[in-house]
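Presented below is the structure to which this report refers.
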Amino acid sequence: MGSSTVWRGTAFACLTVAVGTAGWLSLAHLAKAEAPGVPAAEARTSWDRQAAARYLDSREVWWQAWDRTHKDRATYCVSCHTQAPYALARPGLRQDLGEPDLAAPEKIMLASIDKRVRQWAQMQPFYSDIVSGPGKEVESHNAESVLNAFMLASYDIRRGHLSDAARMAFANAWALQSTSGPDAGAWVWQDFHYAPWESPESQYHWAALMALTVGRAPDGYCDDPKIKANLAALTGYLRSHYDTQPLLNKVVTLWASSAIPDLITVAQRTTLIETLRHAQHPDGGWSLSDLGPWKKRVDDTPQETRSDGYATAVTVLTLEQAGAEPQTAAHIARGRQWLLANQDRATGAWQAWSLNKNRDPKSDPGPFMTDAATAYAVLALDAGR
C-alpha cells in the first residue's frame, strides 16, 4: 500500500504520493464491495500483468519503428495516446512483476525525451506551419513541453526524487504557459480536431493532467516559490473554465484534485460523481461517447456506445483516487469487475475505439485508443488493490 505526505504551502495544499508496490493510493476495501449486475460466469478475480506489459512494450516498439514518429536529431515524437499512458503505467508493472530494470523500449523512449529536453532550444517542433498549417509549430511545441514534464515526472514520482531532466522539462513548459487572454494559465494545445487529445477541449484536459503531475511531483516541487505564480495561474484557469468542460475533462480535474485540493467545489464534486454513477452502463462499464459532446464521428459513422476500456478505466481510477463516498463503492466495484472481465488475455489489452473515425484496428492508428485504455486499466486495477 502506498503512503501519502501532504505539503502545505502558502496558497496551495499539494499531495505527493510515496509509491509502494501498488504504485497508487490503495482502496482495497472498494474492490471487495459487491458488484451487482455482473454475471457470475464473467466474474474474474485477477488480471494478467505480464500480458499487459507485453502489449504496452510491443506498442512502444512499434511506435519507435514507425517512420512518422522519427523527428529532429534522431528523437521520437511523444504522443498523448500511446507514449504518455505508457509512461504512467509501465513503471508500476515493472515493480509488480519484479523486473530488475527498465524495459528496452522504456530506455529508448526516456533517452529521446531527455535529449529533447536538454537540447530544447535547438530542437525543431514536431510539426511545421509549412507542412501542417499555420500555428502548428506553436501548438506542437507547447504540447510537447507539457508531455515531456508529465512523462518524466511519472517515473520520478515512483522513485521519490525529481530528476534534473524533469525539472528542466517543467521549466520548459512553464516558459510557454499562456500569460494573458481568456486561457491564461493553460498551454496552446495541438489541434487536429481529433478528440479527445488533439482537439479544442484538449487544452483543458492536459492542463488538468499537468496540475496532477505538479501536485504529485516529489521533493515538494509544488511548493517551490519559483513556480508559485505559474501554479496559481494554472489552478485559476482550471477553476474558472470547469463548468463549460465536457464530462471527461471534469473527470480528470477530479483526479487532479486528489493531488491539489480545491480545484473543484464540493457542489461540483457531488454533481460530477452523481453524473458518473448515472452514466455507468448495466454491464458495469462506461463509454467514452457518453463523456463528451461526441455524438458523431468526423467520417459520419456512428459513435461506439458500448462500454470501453479507456472510459471505464479513467472513471474507476478517478473515483478510487478521489476517495469517493461509500454509496459509490458498488459502482467502483462494478467498474473494476468490468475491467477484470474485459482484458483480452491473448493480447493483454483492453479495447477502446476512436471518437473520430471508424478505424481498422489492424491499421497504424487503429489501436491508439486501445493503447491508452490498456495503460489506464493497469492503473485503475492497481489503485484498488
Correct response: the longest run of the chain lacking exposed chymotrypsin sites (Phe, Trp or Tyr not before Pro), defined by DSSP loop and at most 16 other Cβ within 10 Å, is 193-385
Summarise the accessible area of the range 159-247 (1.4 Å probe, protein heavy atoms) by the percent that is carbon and sulfur.
-> 56 percent
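Can you work out the FRET efficiency for the pair Ala111 and Lys362, with r the C-beta to C-beta distance and R0 = 51 Å, to the nearest 0.05?
Approximately 0.95, to the nearest 0.05.
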Positive-end residue, the chain charge dipole about Cα centroid, Cβ charges, pick of Pro326, Leu176, Ala233 = Pro326
How would you classify the range 290-385 from its alpha-carbon gyration tensor, with a ≥ b ≥ c the square roots of the eigenvalues: rounded for a/c under 1.5, else prolate if a/b is greater than b/c, otherwise oblate?
-> oblate
Any chance you could run the full-extension gain for Arg345 through Lys228? It's 0.36 nm times the residue separation minus the Cα-Cα distance, nm to one decimal.
-> 37.5 nm
Here the net charge surrounding Val214, from other residues whose Cβ is less than 13 Å away from its Cβ (Lys, Arg +1; Asp, Glu -1), is 0
The range 365-379 residues near the modelled Asp299 label - backbone nitrogen below 11 Å, point 7 Å along Cα→Cβ | 365-366
Karplus (6.51, -1.76, 1.60) ³J(HN,Hα), θ = phi - 60°, over the range 83-95, in Hz, Gly and Pro reported as x = 7, 4, x, 4, 5, 6, 8, 5, x, x, 4, 4, 5
What's the center-to-center distance, using Cα atoms, between the range 132-210 and the range 253-271 in Å?
-> 21 Å
Is the range 89-212 best put as rounded, prolate or oblate by its Cα gyration tensor, with a ≥ b ≥ c the root eigenvalues, rounded for a/c under 1.5, and otherwise prolate when a/b is larger than b/c, oblate when not?
-> prolate
Subtract the Cα-Cα distance of Ala279 and Arg68 from 0.36 nm times their separation in residues, and report this length gain in nm to one decimal.
-> 72.2 nm
Would you give the gap between the C-alpha center of the range 293-332 and the C-alpha center of the range 352-368, rounded to a whole Å?
-> 18 Å
Determine the alpha carbon to alpha carbon distance for each of Lys136/Lys226; Lys71/Lys136; Lys250/Lys357; Lys71/Lys228; Lys250/Lys295 and list only those over 26 Å.
-> Lys136/Lys226; Lys71/Lys228
Ordered by number, the trypsin sites (Lys or Arg not before Pro) in the range 272-336 that occupy a DSSP loop and have at most 15 other Cβ atoms within 10 Å are Lys295, Arg306
Under the 7 Å Cα-to-Cβ spin-label approximation, Asp183 and Ser128 lie apart by a distance in nanometres of 2.4 nm
Does the chain come out rounded, prolate or oblate by the C-alpha gyration tensor, with a ≥ b ≥ c the root eigenvalues, rounded set by a/c under 1.5 and, if not, prolate when a/b is larger than b/c and oblate if not?
-> rounded
Report, in debye and to the nearest 20, how large the dipole of the chain comes out about its Cα centre when Lys and Arg carry +1 and Asp and Glu carry -1 on their Cβ.
-> 440 debye
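The values are calculated or read from the model by the stated rules, or taken from the named source; none is laboratory data. Keep in mind that this is a model prediction, so the values were computed, not measured. Here the Cβ is made from the backbone with ideal geometry for all residues, glycine too, and neighbour counts use every protein chain on show. Note: areas computed on protein heavy atoms with side chains; ligands, DNA, RNA excluded. Shrake-Rupley method; radii C 1.70, N 1.55, O 1.52, S 1.80 Å.
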